[in-house]
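Take a look at the structure set out below.
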Amino acid sequence: MTAAGGRLRVGVLVSGRGSNLQALLEASTRADYPAQVVVVISDRERAAALDRARAAGVEALFVNPKDFVDREAFDLALVRELTARRVGLVCSAGFMRILSPAFTRAFAGRAINIHPSLLPAFPGLHAQRQALDHGVKVAGATVHFLDDGAVDSGPIILQASVPVQPDDTEDTLSARILAEEHRLYPEAVRLFAEGRLAVVGRRVVVRGQR
Ligand code: GRF
């Protein structure tokens, strides 16, 4: 679904700092960007990401998981809020909850996530620490569609790699990956908004890619 002026309406799910949200908000301010963040929803009332949304003049919503009997009921509330705002794409950006099929089915093919590893390596929490513990020489970030399979398992849209340096700590590696995330996520949203992503089996084909 598109916003007035033909831009894709994007909803962002967050729990914390919101630096990826910030990258999406900044992309939205460019006149030639085909998407616009229209609502930011957090499961944590004090998430810094909500302040970033407000500062950008974007609706910031706290949905309290404690108000719902179970995960599915909470997820269905998210679906209601997003649908009410005619969101055409959901971006999970540091949202610290696993979305149930109640959510992923409602937004099948219209919900994406960013993860700080080269999936399928190191899904789940502490991906950068897992990469260091494993001794990999190359790490990175992945944007993928959400599906109702395992965590971080959906079809891969874009990836970017970074070198792992011998003296890296979790913090230094995370910062290097994060810089790539901030480039990658707005690019993936742009490709989706331009209708250039086609899911063929497990593969995402990017049309018009040189
Ligand atoms: C990012 O590393 C993202 O890949 C992961 O959680 C972190 C969120 O950071 N899913 P931020 O809240 O966007 O700054």
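The values are calculated or read from the model by the stated rules, or taken from the named source; none is laboratory data. Only a predicted model underlies this, so the values are computations on that prediction, with no experimental measurement involved. In this analysis, Cβ positions are derived from the backbone assuming ideal geometry, glycine residues included, and neighbour counts consider all displayed protein chains. Quick note on the areas: whole protein, heavy atoms, side chains included, nothing else; ligands and nucleic acids left out. Shrake-Rupley method; radii C 1.70, N 1.55, O 1.52, S 1.80 Å.
Tabulated data for the structure shown
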{"item": "Which numbered condition Asp152 fails, given (1) under 14 Å from the mean Cα position of the chain (by Cα); (2) touching a residue at least 40 places away in the same chain (Cβ under 8 Å)", "result": "(2)"}
{"item": "Restricting region 112-149 to residues that are among the aliphatic types (A, V, I, L, M), in a helix (DSSP H, G or I) and touching a Leu at 6+ places or on another chain (Cβ under 8 Å), the residue that is nearest to the ligand (Cβ to nearest atom)", "result": "Ala131"}
{"item": "Residue count for region 7-45, restricted to those that are basic (Lys, Arg) and within 13 Å of the ligand (Cβ to nearest atom)", "result": "2"}
{"item": "Filtered residues of region 150-160 (kept if open to solvent by less than 50 Å² (accessible area, probe 1.4 Å) and part of a loop (DSSP other than H, G, I, E, B))", "result": "Asp152, Ser153, Gly154, Pro155"}
{"item": "Selection within region 64-112 - touching a helix residue (DSSP H, G or I) at 6+ places or on another chain (Cβ under 6 Å) and over 25 Å from Ala48 (Cα atoms)", "result": "Glu72, Ala102, Ala106"}
{"item": "Members of region 161-175 that are open to solvent by 50 Å² or more (accessible area, probe 1.4 Å) and either under 18 Å from the mean Cα position of the chain (by Cα) or of a type in the set (S, T, N, Q) (or both)", "result": "Ser161, Gln165, Thr169, Thr172, Ala175"}
{"item": "Residue within region 167-190 that is more than 16 Å from the ligand (Cβ to nearest atom) and among the hydrophobic types (A, V, I, L, M, F, W, C) present", "result": "no"}
{"item": "Selection status of Leu82, open to solvent by 40 Å² or more (accessible area, probe 1.4 Å), part of a helix (DSSP H, G or I), more than 10 Å from the ligand (Cβ to nearest atom) and in contact (Cβ under 8 Å) with a residue 40 or more places away in the chain", "result": "no"}
{"item": "Within region 87-111, considering residues that are in contact with a strand residue (DSSP E or B) (Cβ under 6 Å, 6 or more places away or on another chain) and more than 11 Å from the ligand (Cβ to nearest atom), the one most open to solvent (accessible area, probe 1.4 Å)", "result": "Arg110"}
{"item": "Any hit, region 94-102, residues being farther than 23 Å from Ile177 by Cα, without any contact (Cβ under 8 Å) to a residue 24 or more places away in the chain and part of a helix (DSSP H, G or I)", "result": "no"}
{"item": "Condition broken by Ala77, with the remaining ones in (1) within 14 Å of the ligand (Cβ to nearest atom); (2) open to solvent by less than 40 Å² (accessible area, probe 1.4 Å); (3) out of contact with any Pro (no Cβ under 8 Å at 6 or more places or on another chain) satisfied", "result": "(1)"}
{"item": "Tally of residues being open to solvent by 30 Å² or more (accessible area, probe 1.4 Å), out of contact with any Phe, Trp or Tyr (no Cβ under 8 Å at 6 or more places or on another chain) and more than 24 Å from Arg196 (Cβ to Cβ) across region 129-147", "result": "7"}
{"item": "Close pairs from region 180-206: first more than 18 Å from Leu146 (Cβ to Cβ), partner surrounded by fewer than 17 Cβ atoms within 10 Å (Cβ to Cβ) and at pLDDT below 95, Cβ under 6 Å, at least 6 apart", "result": "Arg196/Arg207; Arg196/Gly208"}
